[in-house]
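Encoded as structure tokens, the structure appears first; notes follow it.
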Amino acid sequence: MVDAARPMVSDIFRDRFNSHVLAIAPYPPQVVFCNGDMNSLADLEGLKVRASGRMTAKFLEALGAVS
């Protein structure tokens, strides 16, 4: 997730704060809990999933889940 978000976060920090991102440490941990069995990320499509944070929610939405 960090690698996927880095370009967006870098743009935000450059444009808003005139700064450069040196490192990103995800917090809270990127964890997803589901009631049913999951065999792949594709299994999340269409499911309503509670996210642990904004970036996790965006990741779930990109996979087709409803956060």
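The values are calculated or read from the model by the stated rules, or taken from the named source; none is laboratory data. Here the structure is a predicted model, which means the values were calculated and not measured. Methodologically, a virtual Cβ is constructed for each residue, glycine included, from the backbone with ideal geometry; neighbour enumeration extends over all protein chains shown.
Here are a few things to note about the model shown:
- Residue that is farthest from the chain's Cα centre (by Cα) [pool: residues in the range 1-19 that are farther than 15 Å from Phe59 by Cα and hydrophobic (A, V, I, L, M, F, W, C)]: Phe17
- Applying the condition of being among the basic types (Lys, Arg) and surrounded by 10 or more Cβ atoms within 10 Å (Cβ to Cβ) to the range 1-19 and asking which residue is modelled with the highest pLDDT yields Arg14.
- Residue count for the range 46-67 under the criterion of being in contact with a Ser or Thr (Cβ under 8 Å, 6 or more places away or on another chain), loosely packed, with under 15 Cβ neighbours inside 10 Å and among the aliphatic types (A, V, I, L, M): the result is 0.
- Check on Ser10, of a type in the set (S, T, N, Q) and part of a helix (DSSP H, G or I): yes
- Taking each residue of the range 41-52 that is basic (Lys, Arg) and looking for partners that are surrounded by 15 or more Cβ atoms within 10 Å (Cβ to Cβ) with beta-carbon atoms closer than 6 Å, six or more apart or interchain, yields nothing.
- Among residues of the range 45-59, those that are touching a Leu at 6+ places or on another chain (Cβ under 8 Å) and modelled with pLDDT of 90 or more, counted: 1
- Selection from the range 36-45 of residues that are exposed (fewer than 10 other Cβ atoms within 10 Å of the Cβ), of a type outside the set (S, T, N, Q) and assigned to a loop (DSSP other than H, G, I, E, B): Gly36, Asp37
- Annotation: of all residues in the range 20-35 being more than 10 Å from the chain's Cα centre (by Cα) and surrounded by 11 or more Cβ atoms within 10 Å (Cβ to Cβ), the one that is modelled with the highest pLDDT is Val21.
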